[in-house]
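Visitor: Structure below; questions to follow.
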Amino acid sequence: MSKQQTPMIKQYLKIKAEYEEAFLFFRLGDFYELFFEDAVKAAKELEITLTARGKGEDKIPMCGVPYHACSGYITQLIEKGYKVAICEQTEDPAQAKGVVKREVVQLITPGTVMEGTTIQEKENNYLLSLSEFEGGQFGLAAADLTTGEVRVTCTESLYDVIHEAASYTPKEIVIPPAFPEERRKRISHILHVTFSEESSTASVGEMTRLVHNIEDEKHRLTVVRLLNYLYRTKKRSLDHLQPAAFYFAKDFMKLDVHSKRNLELTETIREKKKHGSLLWLLDKTVTAMGGRLLKQWIERPLLDKNQIENRLGFVEVLMDRFFEREELKENLRDVYDLERLSGKVSFGNVNARDLIQLKKSLERVPAIFETVHRLEHSYADQLMAGVDRCTELQQLLEKSLMNEPGISITEGGMIRDGYNSQLDEYRDAMKNGKSWIAALEQKERQETGIKSLKVGFNKVFGYYIEVTRANASSLPEGRYERKQTLSNAERFITPELKEKEALILEAEEKSGKLEYELFLSVREEVKGYIAKLQKLAKVISTFDVLQSFAEVSEDNHFTRPDLSSEGTVDIVDGRHPVVEKVIEQGDYVPNDIKLDERSGMLLITGPNMAGKSTYMRQLALCSVMMQIGCYVPASRATLPVFDQIFTRIGAADDLASGQSTFMVEMMETKHAVSKATDQSLILLDEIGRGTSTYDGMALAQAIMEYIHNEIGAKTLFSTHYHELTALESELDKLKNVHVSASEEDGEVVFLHKVVDGSADRSYGIYVAQLAELPEKLIERAKVILEELENTDNKEVLPEKVPVAAGILETESAPSSVNEDQGQLALFDSTLFKDEKKAEKRNRELSKKEKDVIKELESMDLLHVTPFEAIQAIHQLQQKLRK
Ligand code: ADP
């Protein structure tokens, strides 16, 4: 860098030093310029041209974007997780002595962005803050700046806080500067977030209002950290922020991130799309607010039976009263996003059109309330009780604003006649002046006999009389004053015309100014209603979600579930709501699920692709649906309220986050067995597939025994280890079921029907056949299978020996770790067993293997986190596989 910095660059560097973590958008005339590393990086990220400022040694990298088109560029950077500091000129360059004063007016970050494509209509945009306290407790606060919602909770462990945080799908988390690096890493493994630091936890000014009802010091501190960050970055008052609401995470069903992903509650596992998720299926909301609330409900199913019954009850009423439901939906359709509007009002971003939308929304409120009231449901009445319908606000907007105002708030055309007498006077003056001018045109035409004479207006000369060149000579001398000569016309003025013009223009200017002032005062009045509007928005969005449940339930023939207090699951003709929707109509085979005190655990066997995972998910989804207050896909259903659902389903593994399939499987299982209670639901699909046969089988059995004997959670366990079905005689609450398949003319037909007893075979080869593996390979597999069944089978898979005996054999079994391919592992460990052993003995270690061993030896296990260890193992594995 040159020593010869210009004063402006000095100013830039001074400001940049305060915003090192952000791209500094430095206003220079009509551009925002970026310099130095910011410029190099931004040019790459935004694909804009990198130029330079200065010459020779003084040259510095620079790039820029026009200020009027900056929002697209800012959005691009924010979406990539960056922050952008907007630095404006804060004095008029014409008045400036020396370098124009500049200041950062706001810092835009992924969690504080207010507009642009980052903000999805039906999604919240939460910013979180975390604080760690003695004893391993963590405080978590969440704020959505676009809606003003602020919440806070506390958890007992890092694990819990990460999973609670995940339910907000945050893009940014505010932490204290001393937050340990290792903690950040653990969070980053699960959540892709930008971290921001905030040290201040002093509550000043407006903040006091927002935390006045938070008694616990820890909770308050967590919220205040978040608020300090918001005020520091936004640099303005945030009137729409609502007082922080404390909630207990334990008041809601616990679903860790893995389970939510596995069950595809809000997005699909593979494509991360809403389409194909439970949210997609249930979303028939007609307002953006309803859409957001639905997502929040799905993230947090209820535990309180009364609340669940309340919602179910209202859904039932809505289903019975079709006409009222339609009426409600129609009225909701016209309701604007009141929550986000409140945010815009507080930010001073609303124009008259927004306020007209608000007025139209408020006009619908009486009808919405009246329709709901007619349904005579006490829960709905309670929701509406004491909620201000904001009628006065609606009247104010009606009285003050025109129905179709312009977009700009400085060019008039917004305020209604009759709202302000001064404005009316200006308008009269304008009107009178204009009719005087129209009359003048008539009069002059008559008196001069020139029919084409006209009175016109332009911004430079004001009003003028225009006469064509041909007619100009017939004008009596001195009648008008010549003002401008055009190629084919002459323009004139008269003193009277100029006098009128002055009156008109003055009235116009004054009325424009006055309208602007009046508009600002209306907007200020709207500010006073923000809290009321937010309450109203909550009620309206609740009605929207419940009407959505009613509609989906009716369309898909769902049924109202009964809540069981004995922990019984009794689902008759249950379906997986999403699979049912995406396969051919009528193809779905419904299944019953029964779990009770005597049989709380099902061991599900059956061919691959038979429908085992679908069956298991079906139960979890029914439970989630019931606990958010929706009907369930079954012809009859009784379900308990589950406190937690744990899943280990499917092979969609988290290699992206550096974890091997088997490790993920074991970690998810660990969480299930260490956190579940007898009120929980555990779904374990094909546990043990990721390791060798004996290993896997031993683990699977041990896990089942542990859950059965130590936890007592309701459990569905699917496996391809048929040997495990023998456990039915040892574990009294275990029941075998299988998904049936039949063979017709050598072809397997999957019946998708779950029936009692265990499956007789695996049909894996048939699945391979379906996948069109080479015929030769399939034939060979059949021969091998036959051999195995006749010979090795007895040795490897002993019949009638307590299954646990399998565990003892683990030591002598090869423990090759195969990536999620249980069937292959089986071949590995049986057919080629001896051959492989011999081969291994005889072979010299390769360089690669020696390197790996060396690395393993040098690893300092006492100073790495479990996650780092997993990652290291994963890397070693990758090396070996290369
Ligand atoms: P598994 O877990 O046994 O390998 P899945 O549960 O993944 O099998 O089901 C495989 C496919 O079979 C599903 O994608 C779905 O298309 C279909 N399927 C599953 N259950 C049913 C059912 N009850 N009725 C109709 N089709 C089903």
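The values are calculated or read from the model by the stated rules, or taken from the named source; none is laboratory data. Computed from a prediction, not measured in an experiment: that's the story for all the values here. Counting neighbours? That spans all protein chains shown, and the Cβs are built from the backbone with ideal geometry, glycine included. Accessible surface areas use protein heavy atoms only, side chains included; no ligands, DNA or RNA. Shrake-Rupley method; radii C 1.70, N 1.55, O 1.52, S 1.80 Å.
Visitor: In segment 124-172, which residue that is aliphatic (A, V, I, L, M) and under 15 Å from the mean Cα position of the chain (by Cα) is surrounded by the fewest Cβ atoms within 10 Å (Cβ to Cβ)? Before the answer, list the steps.
Guide: Residues of segment 124-172 aliphatic (A, V, I, L, M): 127-128, 130, 140-143, 145, 150, 152, 158, 161-162, 165-166.
Remaining after also requiring under 15 Å from the mean Cα position of the chain (by Cα): 127-128, 142-143, 145, 165-166.
Working: L127: 28, L128: 25, A142: 25, A143: 31, L145: 25, A165: 24, A166: 20.
Here the answer is A166.
Visitor: Let me ask another. From (1) loosely packed, with under 15 Cβ neighbours inside 10 Å; (2) within 29 Å of the chain's Cα centre (by Cα), pick out the condition that doesn't hold for T109.
Guide: (1) is the only condition that T109 fails.
Visitor: Another question about this same structure. For segment 23-139, give me every one of the strands (runs of 3 or more DSSP E) that falls completely inside it and has 2 or more residues that are out of contact with any Cys (no Cβ under 8 Å at 6 or more places or on another chain) and not small (G, A, S). Explain how you work it out, then say what you get.
Guide: On the way: elements: 23-28, 31-35, 51-53, 60-66, 84-89, 102-108, 126-132.
In segment 23-139, 23-28, 31-35, 60-66, 84-89, 102-108, 126-132 are the strands (runs of 3 or more DSSP E) which contain 2 or more residues that are out of contact with any Cys (no Cβ under 8 Å at 6 or more places or on another chain) and not small (G, A, S).
Visitor: If a residue counts only when it is open to solvent by less than 10 Å² (accessible area, probe 1.4 Å) and closer than 27 Å to Y159 by Cα, which helices (runs of 4 or more DSSP H) contained entirely in segment 239-325 have at least 1 such residues?
Guide: Correct list: 257-263, 278-282, 288-299.
Visitor: Still on this structure, I have one more. Test of understanding: among K41, K101, which residue is within 20 Å of Q11 (Cβ to Cβ), surrounded by fewer than 20 Cβ atoms within 10 Å (Cβ to Cβ) and free of Cβ contacts under 8 Å to residues at least 24 places away in the same chain? Spell out the reasoning first.
Guide: Values: K41 fails: within 20 Å of Q11 (Cβ to Cβ).
Among K41, K101, only K101 is within 20 Å of Q11 (Cβ to Cβ), surrounded by fewer than 20 Cβ atoms within 10 Å (Cβ to Cβ) and free of Cβ contacts under 8 Å to residues at least 24 places away in the same chain.
Visitor: Could I ask something else about it? Among the residues of segment 677-697, are any without any contact (Cβ under 8 Å) to a residue 24 or more places away in the chain, in the same structural domain as M601 (by TED's automatic domain parsing) and either under 23 Å from L785 (Cβ atoms) or more than 16 Å from the ligand (Cβ to nearest atom) (or both)?
Guide: Of all residues in segment 677-697, those without any contact (Cβ under 8 Å) to a residue 24 or more places away in the chain come to none.
No - not one qualifying residue is present in segment 677-697.
Visitor: Six or more apart or on different chains, Cβ atoms under 7 Å: show the pairs whose first residue is in segment 45-63 and surrounded by 15 or more Cβ atoms within 10 Å (Cβ to Cβ) and whose second is of a type in the set (K, R).
Guide: Here the result reads I60/R53; M62/R53, each pair linking segment 45-63 to a residue that is of a type in the set (K, R).
Visitor: Out of curiosity, is F717 open to solvent by less than 20 Å² (accessible area, probe 1.4 Å), within 16 Å of the ligand (Cβ to nearest atom) and in contact (Cβ under 8 Å) with a residue 60 or more places away in the chain?
Guide: Yes, satisfied.
Visitor: Mind telling me which of the residues E425, E411, E376 ends up being in the same structural domain as T287 (by TED's automatic domain parsing), out of contact with any helix residue (DSSP H, G or I) (no Cβ under 6 Å at 6 or more places or on another chain) and either in a loop (DSSP other than H, G, I, E, B) or within 14 Å of L514 (Cα to Cα) (or both)? Don't jump to the end; show me each part of the working.
Guide: Numbers: E425 fails: in the same structural domain as T287 (by TED's automatic domain parsing); E411 fails: in the same structural domain as T287 (by TED's automatic domain parsing).
Answer to the check: E376.
Visitor: If you don't mind, another one. Considering segment 331-350 alone, what residues qualify as being within 12 Å of G290 (Cβ to Cβ) and β-branched (V, I, T)? Before the answer, list the steps.
Guide: Residues of segment 331-350 within 12 Å of G290 (Cβ to Cβ): 332-333, 335, 337-339.
Passing the criteria: only V335.
Visitor: Enumerate the strands (runs of 3 or more DSSP E) found wholly within segment 439-504, keeping only those where 1 or more residues are basic (K, R) and exposed (fewer than 13 other Cβ atoms within 10 Å of the Cβ). Spell out the reasoning first.
Guide: Values: elements: 454-458, 462-468, 481-485, 489-493.
Correct list: 481-485.
Visitor: Now for a different question. Applying the selection to segment 553-594, what residues are open to solvent by less than 30 Å² (accessible area, probe 1.4 Å), within 16 Å of the ligand (Cβ to nearest atom) and polar (S, T, N, Q)?
Guide: Answer for segment 553-594, where residues must be open to solvent by less than 30 Å² (accessible area, probe 1.4 Å), within 16 Å of the ligand (Cβ to nearest atom) and polar (S, T, N, Q): N556, N591.
Visitor: Could you give me the residue pairs with C-beta distances under 9 Å whose first residue belongs to segment 743-756 and is open to solvent by 60 Å² or more (accessible area, probe 1.4 Å), whose second residue is assigned to a strand (DSSP E or B) and near the ligand (Cβ under 9 Å from one of its atoms) wherever it lies, and which are 6+ apart or on separate chains?
Guide: Note: pairs meeting the criteria are L751/V739; H752/N591; H752/V739; K753/N591; K753/V739.
Visitor: Within segment 330-353, is even one residue open to solvent by less than 70 Å² (accessible area, probe 1.4 Å) and either in the same structural domain as F642 (by TED's automatic domain parsing) or in contact with a Pro (Cβ under 8 Å, 6 or more places away or on another chain) (or both)?
Guide: Checking segment 330-353: at least one residue is open to solvent by less than 70 Å² (accessible area, probe 1.4 Å) and either in the same structural domain as F642 (by TED's automatic domain parsing) or in contact with a Pro (Cβ under 8 Å, 6 or more places away or on another chain) (or both).
Visitor: Now for a different question. Within segment 267-293, how many residues are touching a residue at least 60 places away in the same chain (Cβ under 8 Å) and on the phi < 0 side of the Ramachandran plot?
Guide: Selection size over segment 267-293: 18.
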